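The block underneath contains the structure these notes are about, expressed in structure tokens.
The values are calculated or read from the model by the stated rules, or taken from the named source; none is laboratory data. Everything quoted here is computed from the prediction, not taken from an experiment. In this analysis, Cβ positions are derived from the backbone assuming ideal geometry, glycine residues included, and neighbour counts consider all displayed protein chains.
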Amino acid sequence: MMEYRQLGQTSLQVSRLCLGTMQLGWTADEPTSFHILSLAFDAGINFMDTADIYSRWVPGHQGGEAETIIGRWWRQSGIPRDRLILATKVRGQMGEGPLDQGLSRGYILKAAEASLRRLQTDYIDLYQTHWPDPNVPIEETLRAFEDLIRQGKVRYIGCSNYKAEALRDALETSRKHHLPRFESLQPHYNLVHRREFEGELAQVCQEYHLGVIPYSPLAGGFLSGKYRPGLHVSSARAEGVRKYFTEENWRLLEEMDKMAEEKEASLSQIALAWLLHQPLVTSPIIGPRTPEQLYDNLASLSVSLTPQELERLNTLTAHA
């Protein structure tokens, strides 16, 4: 049975796992994407996260492919719109010109309309800045979001890839000028990538009661256990995973192997369970590209880690 949590101080009740969609139209073709979206919803996942730039990096793609697939799937599914929580992001380059990106008022308003068209909906539940824009004052960005909220095109706003100082500054700007505030943060956070979130950034999220939606919970597949010393893996993400190939992390996988065997679980489930046990985490973002991966991820909800097991994992990744 899927659990649900409130996202920050919003009225949104989101599933304990969030379906990430970077893979839609990239490593999962459209029929497979439709199947994964339907299976996830049927399993109780109501929270789906995307971005306008998914998947612009693929040769021949323009960006917006994942949003387009979600829109087509939702329209043919017959699912009532209020049963879905759709989150998308703005900031990345979506055209050839220098003004086809960023967090200026003009670009945000234009990008929001484009996302709404691709998603085939009249509102976005959670509209997020993909990362900060040092060239635009945060007040300008927040006032653009305020206009979208007043127009009924956006319900709540959030952010991704913010450092503690920038996040606090944004939240205090909202307070000072009575503007909508970021209700959530998407940090890069997993067992082998901890320092970036833990510490001051986590403190800001706790102080301001933000929802925390970690991305890359399996470290690009490293924490699934498919990468091992001396083993060649053919994967679209293999090059980005090499940074995790350290003696400390190989020892971590060995310990996770033992835990997984004892619990009759997979390494992915152990890694996701660790995140689900973190008190500030609202919904880790999973990115299955096959139904089998989705079912494996869903099973993490039933994996319980003891305080001793959590401490062991924390000790092994204190360097991360």
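Can you pull out every residue in region 193-210 that is in a helix (DSSP H, G or I) and of a type in the set (Asp, Glu)? First the steps, then the outcome.
Start the filter on region 193-210 by keeping residues that are in a helix (DSSP H, G or I), which leaves 200-207.
Result: Glu200, Glu207.
Looking at region 19-50, which of its residues are of a type in the set (Phe, Trp, Tyr) and surrounded by fewer than 22 Cβ atoms within 10 Å (Cβ to Cβ)? First the steps, then the outcome.
Initial filter on region 19-50 (of a type in the set (Phe, Trp, Tyr)): 26, 34, 41, 47.
Hits for region 19-50 are Trp26, Phe34, Phe41.
Which residue pairs have Cβ atoms under 9 Å apart, sit 6 or more places apart or on different chains, and have a first residue in region 146-158 that is on the phi > 0 side of the Ramachandran plot and a second that is surrounded by fewer than 21 Cβ atoms within 10 Å (Cβ to Cβ) and in a loop (DSSP other than H, G, I, E, B)?
Pairs found: Gly152/Asp122; Gly152/Tyr123.
Might you check whether a residue that is at pLDDT below 95, closer than 23 Å to Ser160 by Cα, under 23 Å from the mean Cα position of the chain (by Cα) and not polar (S, T, N, Q) occurs anywhere in region 254-273?
Applying the first criterion (at pLDDT below 95) to region 254-273 yields none.
Scanning region 254-273 turns up no residue that is at pLDDT below 95, closer than 23 Å to Ser160 by Cα, under 23 Å from the mean Cα position of the chain (by Cα) and not polar (S, T, N, Q).
With the structure loaded, tell me whether Asp100 is part of a loop (DSSP other than H, G, I, E, B) and more than 28 Å from Pro137 (Cβ to Cβ) or whether it fails that test. Break it down into steps so the answer makes sense when it comes.
On the way: part of a loop (DSSP other than H, G, I, E, B): yes; more than 28 Å from Pro137 (Cβ to Cβ): no.
So Asp100 does not fit the description; no.
Do you know which residues across region 281-320 are of a type in the set (Lys, Arg) and within 26 Å of Glu30 (Cα to Cα)? I'd like the intermediate steps shown before the answer.
Taking region 281-320 as the starting set, the residues that turn out to be of a type in the set (Lys, Arg) are 289, 312.
Result: Arg289, single match.
Each row is one residue, and each column tells you yes or no for (1) within 23 Å of Trp74 (Cα to Cα); (2) out of contact with any Leu (no Cβ under 7 Å at 6 or more places or on another chain); (3) at pLDDT 95 or above; (4) not polar (S, T, N, Q).
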residue: Gln101; (1), (2), (3), (4): no, yes, yes, no
residue: Ala114; (1), (2), (3), (4): yes, yes, yes, yes
residue: Asp133; (1), (2), (3), (4): no, no, yes, yes
residue: Val136; (1), (2), (3), (4): no, no, yes, yes
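Glu261 fails exactly one of the following numbered conditions: (1) in contact with an Asp or Glu (Cβ under 9 Å, 6 or more places away or on another chain); (2) farther than 25 Å from Ser184 by Cα; (3) part of a helix (DSSP H, G or I). What is the number of that condition?
Against the list (1) in contact with an Asp or Glu (Cβ under 9 Å, 6 or more places away or on another chain); (2) farther than 25 Å from Ser184 by Cα; (3) part of a helix (DSSP H, G or I), Glu261 comes up short only on (1).
Which one of the conditions (1) crowded, with 22+ Cβ neighbours inside 10 Å; (2) in a loop (DSSP other than H, G, I, E, B); (3) without any contact (Cβ under 8 Å) to a residue 40 or more places away in the chain does Gln269 fail to meet, given that it meets all the rest?
It fails just one condition, (2).
Out of Arg289, Arg228, report the one residue that is within 27 Å of Tyr127 (Cα to Cα) and either modelled with pLDDT under 95 or surrounded by fewer than 21 Cβ atoms within 10 Å (Cβ to Cβ) (or both).
Working: Arg228 fails: within 27 Å of Tyr127 (Cα to Cα).
On inspection, the qualifying residue turns out to be Arg289.
Go through (1) under 30 Å from Leu298 (Cβ atoms); (2) in contact (Cβ under 8 Å) with a residue 40 or more places away in the chain; (3) under 20 Å from the mean Cα position of the chain (by Cα); (4) surrounded by fewer than 21 Cβ atoms within 10 Å (Cβ to Cβ) and name the single condition Gln120 misses.
The failed condition is (3).
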